[in-house]
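Colleague: Here's a structure for you.
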Amino acid sequence: MELVQRLLEFVDQIFVNLSFWASTQLANFLPEWAVTFLMMFATVLVLVFFGLGSIIWINVFERKVIGRFQDRYGPNRFGPFGLLQCVADMIKLLTKEDITPTKADRLIYNLAAVVPIIPTFLILAVIPFGRGMVAADLNVGFLYIVAVGSLGTIGIFMASWGSRNKYALISGLRTVAQMISYEIPMVLSVVGVLLLVGSLSMVSIVDAQAQWRLPFVVLQPLAFVIYFTAAVAEVNRAPFDLPEGESEIVAGYHIEYSGIKFAMFLLAEYINAFSVCAIAATIFLGGWQGPILPSWAWFFLKTYFLYVVLIWLRGTLPRVRIDQLLEFAWKTLVPLALANLMITALVAKLVPHNSLVGAVAFLAMNVVVIVGIAVVKYPRWRKERRQVVLVPRSASSEASGP
Amino acid sequence: MIGLGILKGMSVTLRRFVDTYWGDLRQFPRRHAPGGVYERMGITERGAFTIQYPEERVPMFPRYRGPIMMLTDPEKDLTKCIACGLCERTCPTESIKVTRAPEKIKEQNVPESYEYDMNTCMFCGFCVQICPTGALGHSPILETGAYSKGDALILNLEQLLEMGHKYAPEGVWPVEEKEAVAS
C-alpha cells in the first residue's frame, strides 16, 4: 500500500520533479539569474509545444467525434484509426501556395495571421495543469485571462479589415459584436465563484474547491451554464459560429488566407476552444483534483470531457441569427448572470463557508433563481413561441389547385 | 424555449454517437457492416452508413453509362458488330475508329479492328443508341483512372470483347438488375 502510494505520488509529481531536477543541474555551473531565465524559457517552450502538439491531436479528435455524432466515421484511412490524418493535413497546408490579395493591406493582412495565436498561448500560462504545474501563478489570474482573451478579437478584426473582402468585413463586424456581448456574461458568471474564493488566482480557485470538497459546478450550476454558453460564443464555435458562417459568408475573416496563414487561424481557434474548456474545468469542475489518478490526468480528463460537450453542441444545434445571438446575450444571459451574482453575494454572507449547509444553501439559491425566472418569463416565452399550423393535406391541395 | 428542445436534440445526437460505436462492436474485425449499402441507409437503421469505398462498393445501376464494351451473340459465338461504322460517324468526339474485315465470317461482316479512345470519350452513349445490331453496351466499370493518357486508355477489339463477355454474357444490354453487380 505504501509502495503504491509512493508510486502514485511519483507519477503525480513527475513533471514538477523533472523541472526541479533540471534547475538543480543547471545551478551547478550557471549563476542564479541565468537558471531562472533558462527555466522560464523552458516553461514557455514546453507550453508552446504543448499547444502546437495538442492542436494536431485535437483536430483529428474533433473530426472523429463529430463524425460519430452525425452517423458517419471521421477520418479512418491514414494510420491506425486515421490518427495520422493530421500529418497529411499539415503537409497539405504547409505546401499550399501562399497568396496575398493585390488590393489587401499587406502589413495588416500578414500581421493578422500571427496576432490571434499570441493570446491563446498567453492564456495557457496561468492554467494549472496539475498539482504545482502552473507556469505563472498570478494573483490576478482570472483578470489576466479576461484581458488577454479579448485580444484575440483584434487579430480577427485585423484579418477581416486587411483582406479587403466584403465577406471578411461582415464577419469582422459580427465578431466584434459577438465577442464584446459575450464577454460580459462570461465574466459576470465567474464573479459569483470569485466571491466564494476571495481570490482571482487560478491556483487558489482550485484550492478553494478542495476546501469545500465539492466542485463549484455543484454550488454554482447556473453560473457554469452561463459561462459555458458564453465561452462557446467567445471562441466562435457552433451554434454561435457567425463569424465563420460557411453557408452565408463563405468562411468569414479567413476567406482570403491560404496555406500556413490559414493554418495559423485554425490553430488559434482550436487552442482557444481547448483553453476555454480548461478554464471551465479549473473554475467549475475542480481543476486537477480527483482520486487515484495523477492530477494532470484528471485535469485533461475533465477538459476533454468539456471539449466533447462542445463538439456535441456543434453536432446538434443549427447556427443562430445575429439578432438572436445578441438578444440572447443581452436579454437572457446578462440578467441571469447579474441575478446569480446578486443572490450569491447575499447567500455567501449568510451561510457558513466550506460546509455542507453552505453547499445546500447555494444549490437551493440556484434552484430558486432558475425556477423564479422560468415562472416570470414562461408566459412570455409561451406567447412568443412560433406556432406551426398543420394544414390537412386535402385542404392544402384544394387551395393550391386551379 | 426553456432549453428543453436543446436537450432533446442533444439526446438524439448522443444516441447516434453511441449507436455508431455499438455498430462497430457488432461488425468488429470488419470495417463495415455486412449486408448491402441500401439496407444500412434505411431510416430505422442504426449506426454509421458510410460506404467504406475501397473495401465496399455500391452496385452500379443497370443503365449506368460507363466505358463501352462490345457484345457477343452467344448462339453464333461471334461478335454482334457488323462494322457498319455508324458509331464512328455519330461519335461527337471522334473517339471510335472501325475498319471492316475483307471477308465475311458466318455470312456476317465483322470488324477487323476497333479502337475506342477513352481519353476523349464523354460517355454520351450515342454509339450505343445508334448501333443497328445492339452490339455495344456500357460496362459497369467505375474506376477508369490511369497514370498517363497513353495506350492504357485506348481499348482495342479484343479488350472490348473481353469486357462484353465479362459484364454481359447474355449478349444483351442493359443487363437485368439482379445481374448488374459491382466490378
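Colleague: Output the strands (runs of 3 or more DSSP E) that fall wholly within the stretch B:64-183 and possess 3 or more residues being of a type in the set (Asp, Glu) and without any contact (Cβ under 8 Å) to a residue 60 or more places away in the chain, or say none.
Modeller: Passing ranges, in order: B:111-117.
Colleague: When both residues are 6+ apart or on different chains and their Cβ atoms are under 8 Å apart, which pairs have a first residue that lies in the stretch A:66-84 and is assigned by TED's automatic domain parsing to the domain that holds A:Pro318, and a second that is exposed (fewer than 15 other Cβ atoms within 10 Å of the Cβ) and among the charged types (D, E, K, R)?
Modeller: none
Colleague: Checking B:Tyr53 against (1) among the hydroxyl-bearing types (Ser, Thr, Tyr); (2) under 30 Å from B:Phe126 (Cβ atoms); (3) assigned to a loop (DSSP other than H, G, I, E, B), only one condition comes out false. Which one?
Modeller: Tallying (1) among the hydroxyl-bearing types (Ser, Thr, Tyr); (2) under 30 Å from B:Phe126 (Cβ atoms); (3) assigned to a loop (DSSP other than H, G, I, E, B), B:Tyr53 fails exactly one: (2).
Colleague: Further question: Return the residues of the stretch A:12-53 that are surrounded by fewer than 13 Cβ atoms within 10 Å (Cβ to Cβ) and of a type in the set (Asp, Glu); say none if nothing qualifies.
Modeller: The one that is surrounded by fewer than 13 Cβ atoms within 10 Å (Cβ to Cβ) and of a type in the set (Asp, Glu): A:Glu32.
Colleague: A further question on this structure: Being surrounded by 10 or more Cβ atoms within 10 Å (Cβ to Cβ) and either over 30 Å from A:Asn340 (Cβ atoms) or more than 14 Å from every other protein chain (Cβ to nearest Cβ) (or both) is the filter; apply it to the stretch A:368-400 and report the residue that is modelled with the highest pLDDT.
Modeller: A:Val368
Colleague: Next up: Looking at B:Thr72, B:Thr44, B:Thr50, which is the one that is crowded, with 17+ Cβ neighbours inside 10 Å, among the polar types (S, T, N, Q) and within 14 Å of chain A (Cβ to nearest Cβ)?
Modeller: It is B:Thr50.
Colleague: For A:Val134, indicate whether it is at pLDDT below 85 and either under 30 Å from A:Ala359 (Cα atoms) or hydroxyl-bearing (Ser, Thr, Tyr) (or both).
Modeller: Considered against the rule, which asks whether it is at pLDDT below 85 and either under 30 Å from A:Ala359 (Cα atoms) or hydroxyl-bearing (Ser, Thr, Tyr) (or both), A:Val134 comes out as yes.
Colleague: Looking only at residues in the stretch A:49-68 that are farther than 15 Å from A:Ile311 by Cα and not β-branched (Val, Ile, Thr), which one is farthest from the other protein chains (Cβ to nearest Cβ)?
Modeller: Top of the filtered list is A:Phe49.
Colleague: A further question follows. Are any of the residues in the stretch B:156-178 closer than 17 Å to B:Met60 by Cα and of a type in the set (Val, Ile, Thr)?
Modeller: yes
Colleague: I'm trying to understand the selection: among the residues of the stretch A:248-266, which are over 27 Å from A:Phe121 (Cβ atoms) and either in contact (Cβ under 8 Å) with a residue 60 or more places away in the chain or aliphatic (A, V, I, L, M) (or both)?
Modeller: Result: A:Ile249, A:Val250.
Colleague: What is the one condition in (1) modelled with pLDDT of 80 or more; (2) assigned to a loop (DSSP other than H, G, I, E, B) that A:Leu325 does not satisfy?
Modeller: (2)
Colleague: Any idea which of (1) in contact with a helix residue (DSSP H, G or I) (Cβ under 6 Å, 6 or more places away or on another chain); (2) modelled with pLDDT under 85 is the one B:Thr44 doesn't satisfy?
Modeller: Status for B:Thr44: all satisfied but (1).
Colleague: Restricting to the stretch A:69-100, what's the tally of residues that are exposed (fewer than 14 other Cβ atoms within 10 Å of the Cβ) and either within 11 Å of chain B (Cβ to nearest Cβ) or on the phi > 0 side of the Ramachandran plot (or both)?
Modeller: 1
Colleague: Here's a follow-up. Being among the small types (Gly, Ala, Ser) and within 29 Å of the chain's Cα centre (by Cα) is the filter here, so list the residues in the stretch A:1-55 that pass it.
Modeller: A:Ser19, A:Ala42, A:Gly51, A:Gly53, A:Ser54
Colleague: Out of curiosity, is A:Asn340 assigned by TED's automatic domain parsing to the domain that holds A:Gly192 and not in a helix (DSSP H, G or I)?
Modeller: no
Colleague: Shifting gears a bit: List pairs: first residue in the stretch B:2-23 and more than 10 Å from chain A (Cβ to nearest Cβ), second residue modelled with pLDDT under 85 anywhere in the structure, Cβ distance under 7 angstrom, at least six positions apart or on different chains.
Modeller: Here the result reads B:Trp22/B:Gly47, each pair linking the stretch B:2-23 to a residue that is modelled with pLDDT under 85.
Okay, residues lined up against (1) closer than 24 Å to A:Leu151 by Cα; (2) at pLDDT below 85:
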| position | (1), (2) |
| --- | --- |
| A:Ala251 | yes, yes |
| A:Tyr257 | yes, no |
| A:Lys261 | yes, no |
| A:Phe274 | yes, no |
| A:Ala281 | yes, no |
| A:Phe300 | no, no |
| A:Val308 | no, no |
| A:Leu313 | no, no |
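Colleague: For the stretch A:127-186, how many residues meet the condition of being aromatic (Phe, Trp, Tyr) and either touching a Cys at 6+ places or on another chain (Cβ under 8 Å) or under 27 Å from A:Ala281 (Cα atoms) (or both)?
Modeller: Selection size over the stretch A:127-186: 4.
Colleague: Something else about it: Got a number for residues in the stretch A:154-198 being among the hydroxyl-bearing types (Ser, Thr, Tyr) and within 19 Å of A:Phe228 (Cβ to Cβ)?
Modeller: 3
Colleague: For A:Ala280, state whether it is buried (at least 20 other Cβ atoms within 10 Å of the Cβ), touching a Gly at 6+ places or on another chain (Cβ under 6 Å) and either assigned by TED's automatic domain parsing to the domain that holds A:Ile127 or more than 25 Å from A:Val191 (Cβ to Cβ) (or both).
Modeller: When the stated conditions are applied, A:Ala280 does not pass them.
Colleague: Against the condition outside the structural domain of B:Leu155 (by TED's automatic domain parsing), of a type in the set (Lys, Arg) and out of contact with any Gly (no Cβ under 7 Å at 6 or more places or on another chain), how does B:Arg30 come out, does it pass?
Modeller: Judged against the criteria, B:Arg30 is a match.
Colleague: Would you tally the residues in the stretch A:157-176 being among the aliphatic types (A, V, I, L, M), farther than 16 Å from A:Leu325 by Cβ and touching a residue at least 24 places away in the same chain (Cβ under 8 Å)?
Modeller: 3
Colleague: Out of A:Leu333, A:Leu326, A:Leu346, A:Leu310, which single residue is away from chain B (no Cβ under 14 Å) and closer than 26 Å to A:Pro239 by Cβ?
Modeller: Residue meeting the stated conditions: A:Leu326.
The values are calculated or read from the model by the stated rules, or taken from the named source; none is laboratory data. Owing to the predicted nature of the structure, the values given are computational and were not obtained by experimental measurement. No Cβ is skipped: glycine too gets one built from the backbone with ideal geometry, and neighbour counts run over all protein chains shown.
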